[in-house]
Every structure is written in C-alpha cells, then in structure tokens.
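Scroll down for the structure; my scribbles are underneath it.
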Amino acid sequence: MISKMKIDKADHYDDIDNIYQLIWKLLEFGKKNSNSDMHQGYLATHSARYPSIRTVVLRGVDKVKQTISFHTDFRSEKIKEINQNNKISLLFYDHDQKVQIKCSGIGLINNKNDNSDKSWQRTQSFSKKCYIVDKAPGSTSDKPTSGYKKEHEIELPNEEILNSGYENFTLVSMEVSEIEWLYLHRHGHRRAKFIINNKDLVKKVWLTP
Ligand SMILES: Cc1cc2nc3c(=O)[nH]c(=O)nc-3n(C[C@H](O)[C@H](O)[C@H](O)COP(=O)(O)O)c2cc1C
C-alpha cells in the first residue's frame, strides 16, 4: 500500500497558492491511505482543567465545503468539551515530508442524523465494534477492561449487536476557518497561514517560522 505522497520542494517552497492546494491534497491522501502519517490527526479541545488533546483518524476531507471530519463515541469527553466550546483544532504531521498542518474551526456534532447515518453505512464492521462498549469511554473500572462483553472480545459480534452501536456513533465535522502550514527545511523553514470565511479562502500570508 502507498503510504507517502511525494511532494517536491520546488513546487511549494515559495509558492503560497500551491501550498494551499497541496494542503488539501495531503489531507485527502491521508484520509485514503491508512499507512500515511496524516491518516491520524491530534484533536485539541477546551476542557475546564487542562488543554485536551488526543489522536483521531481522519475520516472526511471536503475542499469544496472546507470541512474535515472524524468519528467518535457520543459519550466521550471530547463530545462534552465540544458541546461546551465548539472551537477545535486538528494537527497533522508528516515525518518524511517534514510538513505540519494545523486546521482550526468549528466542530459540528452529528449523532443519529442523516450525516452520521451516511457515515455509519460506510463504516467497516471492525470499526463499528468500537461503539458497542457498554460503559462510556473513559469510565473507571476496578479491573483491566476492554469495555466489551467477554464473548465479543476476540470474535466480531453479529450485525444486530454491531448496529446497536449506532446510537453512540458520532461524526464530528469541522468547518475549517484557519489553516497553518509549516515546512521544515535546512535552508530555511517556510510557514504560511490561510483564513477561510464561508467556504472561501479570503486571506493567505507568509509567517516567520
Ligand atoms: C492511532 C489512534 C487512533 C485513534 N482514533 C480515534 C478516533 O478516530 N476516534 C476516537 O474517538 N478516538 C480515537 N482514538 C482514541 C483517542 O485518542 C482517545 O484516547 C479517546 O477517544 C478518548 O478521548 P477523550 O476521552 O478525550 O474523548 C485513537 C487513538 C489512537 C492511538
């Protein structure tokens, strides 16, 4: 399986318009290729105690709608945090390409609606299994636990049981309003920022790295 999208420094180093196109191509590639570094991102939310961050799998990239999305459990802390403050960021880093992309925007929670339904239909059985845990993710336990019933730990449960996870399954879609690009290079790094308003790119600017 291909895990890298080869990008050429000459095509983007000093070309801010190409960088913007490349950002969406890299994210799209990351979504499609599970071996790509950008298949995962690091989601930051606001919490009352500390800044909150965790890994999530990139599940949707839409350059036209200017959205990126991931799946999660409706009962998770991140959903509570997004409900309290819907400003979120997702950070991606491709180690070989030396590219970091930070997307920030508004997180929209889709649970038991048309959008989550469409995503659920496209979700593979082994991924659906994540949503059948009895207790909410993050619940304390007095013994080591997977959260699954014993009989579901190794075997994939039947369709009916898998489908019981639907009510926990949640699609979070971020309406992107800012993107930051950082490219590391020994001759000098490059950093750029893009502002998006109402699905349109309204500002692009170089930053000192
Ligand atoms: C490689 C990797 C991918 C992950 N993907 C997801 C994901 O797509 N959605 C998700 O909710 N949690 C995912 N997790 C688990 C989260 O990082 C996190 O531990 C969990 O969702 C609980 O987060 P919260 O308590 O802040 O809500 C992933 C973890 C790893 C290591």
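The values are calculated or read from the model by the stated rules, or taken from the named source; none is laboratory data. Given the structure is predicted, the values throughout are model-derived calculations rather than measurements. Every residue, glycine as well, gets a Cβ built from its backbone with ideal geometry; the counts of neighbours run over all protein chains shown.
Within this structure, residue 104 passes the test of being crowded, with 16+ Cβ neighbours inside 10 Å and away from the ligand (no atom under 11 Å from the Cβ). Can you pull out the residues in the range 121-164 that are surrounded by 15 or more Cβ atoms within 10 Å (Cβ to Cβ) and in a helix (DSSP H, G or I)? Once the filter is applied, which keeps residues that are surrounded by 15 or more Cβ atoms within 10 Å (Cβ to Cβ) and in a helix (DSSP H, G or I), the range 121-164 yields 127, 128, 129, 130, 131, 132, 152, 161, 162, 163.
The set of residues from the range 39-67 being of a type in the set (A, V, I, L, M) and more than 12 Å from the ligand (Cβ to nearest atom) comprises 48, 61, 64. Restricting the first member to the range 4-22 and to residues that are at pLDDT below 95, and the second to residues that are of a type outside the set (A, V, I, L, M, F, W, C) and surrounded by fewer than 13 Cβ atoms within 10 Å (Cβ to Cβ), the beta-carbon pairs closer than 7 Å and six or more apart or on different chains are 4/96; 9/185. The single condition from (1) under 15 Å from the mean Cα position of the chain (by Cα); (2) in a helix (DSSP H, G or I) that residue 171 fails is (2).
Of the residues 118, 112, the single one that is among the basic types (Lys, Arg), closer than 24 Å to residue 85 by Cα and either buried (at least 17 other Cβ atoms within 10 Å of the Cβ) or modelled with pLDDT of 95 or more (or both) is 112. Taking the conditions (1) surrounded by 16 or more Cβ atoms within 10 Å (Cβ to Cβ); (2) touching a Pro at 6+ places or on another chain (Cβ under 8 Å) in turn, residue 189 satisfies each one other than (1).
Of 101, 106, 82, all but one fail to be at pLDDT 95 or above and in contact with a Phe, Trp or Tyr (Cβ under 8 Å, 6 or more places away or on another chain); the exception is 101.
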